[in-house]
Amino acid sequence: MHSKQTVKYICEQFSSGNEYYFKREYITHDKWSNIKSLAWSAPRPIKKETFMKRQAEGFYCEWVQKQSASLINLAVKKTDEKNQLN
């Protein structure tokens, strides 16, 4: 278990209404006294209940608003494909 200073909980809220919860821990690649070796870990998925429990316990929690992904059509039309070959 990490202390309140070395962990943060993240809720990503999308415009579609979906919510995803993550935990990030402050880690070191060498030793804690080497400031250059400190970094946040990769986000790890957690349950909503865990997020709410940690928020009530006073851990740092952040909410991130995100837009839903937009679709890009990569398909080439058959007529365009024939024109590109000639």
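Each reported figure results from applying straightforward, stated rules to the coordinates on display, with no laboratory input. Note that the structure is predicted; figures quoted are calculated from it, not measured. Glycine gets a Cβ as well: all are built from the backbone with ideal geometry, and neighbour counts include every protein chain shown.
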(request) Compute the long axis of helix 48-57 from its Cα atoms, compare it with the longest principal axis of the Cα atoms of the chain, and write down the angle in degrees, 0 to 90, nearest 10. (result) 30 degrees
(request) For the range 1-76, please report how many Lys pairs fall under 15 Å Cα to Cα, leaving out neighbours fewer than 8 apart on the same chain. (result) 9
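Filter the chymotrypsin sites (Phe, Trp or Tyr not before Pro) in the range 1-52 down to the DSSP loop ones having no more than 11 other Cβ atoms within 10 Å, then list what survives.
Numbers: sites: TYR9, PHE14, TYR20, TYR21, PHE22, TYR26, TRP32, TRP40, PHE51; in loops: TRP32.
Hits after loop and neighbour filter: TRP32.
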(request) Can you pull the one-decimal nm distance between simple spin-label points at SER16 and LYS48, each 7 Å off the Cα toward Cβ? (result) 1.6 nm
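Would you mind calculating the relative contact order of the chain from Cα pairs under 8 angstrom and at least 6 residues apart, reporting the percent as a whole number?
Reported as a whole number, the value is 34 percent.
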(request) For ASN73 paired with SER37, estimate the spin-label separation in nm (one decimal), with each label point 7 Å from Cα along the Cα-to-Cβ line. (result) 5.4 nm
(request) Return the label of the correct value of Cα Rg over 2.2 N^0.38 Å, as calculated from the structure shown, out of [x] 1.06; [y] 1.78; [z] 1.56. (result) [y]
